[in-house]
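**Q** Take a look at the following structure, please.
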Amino acid sequence: MARMVIHAGFHKTGTTSVQKMLGQNRRRLSEHADIFLRKNMTPVCEAARTYSATRASEDLIHFTYELGKFLEQIKDAPDRQICISSEDLAGHMPGRRSLQTYAATPILMKAFVHTVEKTMPTPPEMIFYFSTRAADAWLKSCYGQHLGVVRLSMDLEEYKHAYAESARLDRIIDKVRLAVAPHRVEFRALETTQDTPLGPLTPLLDLLEIPAETRSKLLPLPPANVALPDALQAEYLRINKSDLDMEAVRLAKKDAHQQWRKACRTEQA
């Protein structure tokens, strides 16, 4: 039976780095697995995000519809291993759209299983994989991301207090395990992969049983989507707290980011 590994989350746990390395090494991995990233299934990911925000039954149905369409494109290669990686399959990151946790993720994963079993004539062995991170570091990383994208006006300590429950990623994984049983659910903390040659990509390679010879040919990449410096985050917070309208806030953040990039280039010159 073929194997399908679904890397469905979580945000800010090295997922961007994983996906960039998967994309960079797609050809080198092609002997062992077909790789599918967010760009290959954008409607599926957007539907998952929508459902996580609305929790409306029609939006869950739409998620299964889009997933079914995606699976129709790949179901004719039943003997191929499949690796699917997008944290948006877990829904929106907590802190967006008034979400406090990843509460929708277990429901989305259960719907994922049902859709695979319905769509694929010979359903593959499914393994759900989640990358995690220590609570304090994860909350800080999420906070920095929110500062630049939404008009968050809390300081870091306020955010940590308000969203402490969102960092209990282990609880969500336990619920996913119940939702998708008897399928496997695996997880690995980002911190435990830092000393491996391919960093956070390593657990996925393990689950896909990629041989050492192939791994030795894979190209590592530097960490992607890393945290912005404290000074820039402080400037974003100042802008978010201002009385500027939303468009002016967007432009002010864009200018602040450009000034930071310019300063970085000057230092490197």
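**Q** Might you let me know whether segment 46-67 holds any residue that is out of contact with any helix residue (DSSP H, G or I) (no Cβ under 8 Å at 6 or more places or on another chain), at pLDDT below 95 and either within 28 Å of GLY14 (Cβ to Cβ) or crowded, with 21+ Cβ neighbours inside 10 Å (or both)?
**A** no
**Q** When you look at THR42, is it at negative phi and out of contact with any strand residue (DSSP E or B) (no Cβ under 6 Å at 6 or more places or on another chain), yes or no? If you could, list the steps in order and put the result at the bottom.
**A** Working: at negative phi: yes; out of contact with any strand residue (DSSP E or B) (no Cβ under 6 Å at 6 or more places or on another chain): yes.
So THR42 fits the description; yes.
**Q** Looking only at segment 142-170, how many residues end up being surrounded by 15 or more Cβ atoms within 10 Å (Cβ to Cβ) and either touching a residue at least 12 places away in the same chain (Cβ under 8 Å) or within 17 Å of GLU87 (Cα to Cα) (or both)?
**A** Counting residues in segment 142-170 that are surrounded by 15 or more Cβ atoms within 10 Å (Cβ to Cβ) and either touching a residue at least 12 places away in the same chain (Cβ under 8 Å) or within 17 Å of GLU87 (Cα to Cα) (or both) gives 16.
**Q** Something else: Kindly list the number of the only condition in (1) within 23 Å of the chain's Cα centre (by Cα); (2) more than 19 Å from MET93 (Cα to Cα); (3) not small (Gly, Ala, Ser) that fails for GLU165.
**A** Unmet for GLU165, out of (1) within 23 Å of the chain's Cα centre (by Cα); (2) more than 19 Å from MET93 (Cα to Cα); (3) not small (Gly, Ala, Ser): (2).
**Q** Let me ask another. Restricting the first residue to segment 70-90 and requiring it to be surrounded by fewer than 18 Cβ atoms within 10 Å (Cβ to Cβ), which pairs with a second residue that is of a type in the set (Ser, Thr, Tyr) meet a Cβ separation below 8 Å and a spacing of at least six or different chains?
**A** Between residues of segment 70-90 that are surrounded by fewer than 18 Cβ atoms within 10 Å (Cβ to Cβ) and residues that are of a type in the set (Ser, Thr, Tyr), the close pairs are GLU72/THR119; LYS75/THR119; PRO78/THR122.
**Q** Moving on. Does segment 179-187 contain any residue that is in contact with a Phe, Trp or Tyr (Cβ under 7 Å, 6 or more places away or on another chain) and among the β-branched types (Val, Ile, Thr)?
**A** yes
**Q** How many residues does segment 193-218 hold that are touching a helix residue (DSSP H, G or I) at 6+ places or on another chain (Cβ under 9 Å) and within 21 Å of THR16 (Cα to Cα)?
**A** Here is the first cut: in segment 193-218, the ones touching a helix residue (DSSP H, G or I) at 6+ places or on another chain (Cβ under 9 Å) are 193-194, 196-205, 208, 210, 214-215, 217-218.
Of the ones still in play, those that are also within 21 Å of THR16 (Cα to Cα) are 193-194, 196-205, 208, 210, 215, 217-218.
Summing the residues that are touching a helix residue (DSSP H, G or I) at 6+ places or on another chain (Cβ under 9 Å) and within 21 Å of THR16 (Cα to Cα) in segment 193-218 gives 17.
Quick grid of which residues meet (1) surrounded by fewer than 13 Cβ atoms within 10 Å (Cβ to Cβ); (2) polar (S, T, N, Q); (3) within 30 Å of ARG27 (Cβ to Cβ):
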| position | (1), (2), (3) |
| --- | --- |
| PHE187 | no, no, yes |
| LEU204 | no, no, yes |
| GLU209 | yes, no, yes |
| LEU228 | no, no, no |
| LEU232 | no, no, no |
| GLU235 | no, no, no |
| ASP243 | yes, no, no |
| ALA252 | no, no, no |
| GLU267 | yes, no, no |
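The values are calculated or read from the model by the stated rules, or taken from the named source; none is laboratory data. What you see is a predicted model; the values in this text were computed from it and never measured. Heads up, the Cβs are rebuilt from the backbone with ideal geometry, glycines too, and the neighbour counts pull from every protein chain shown.
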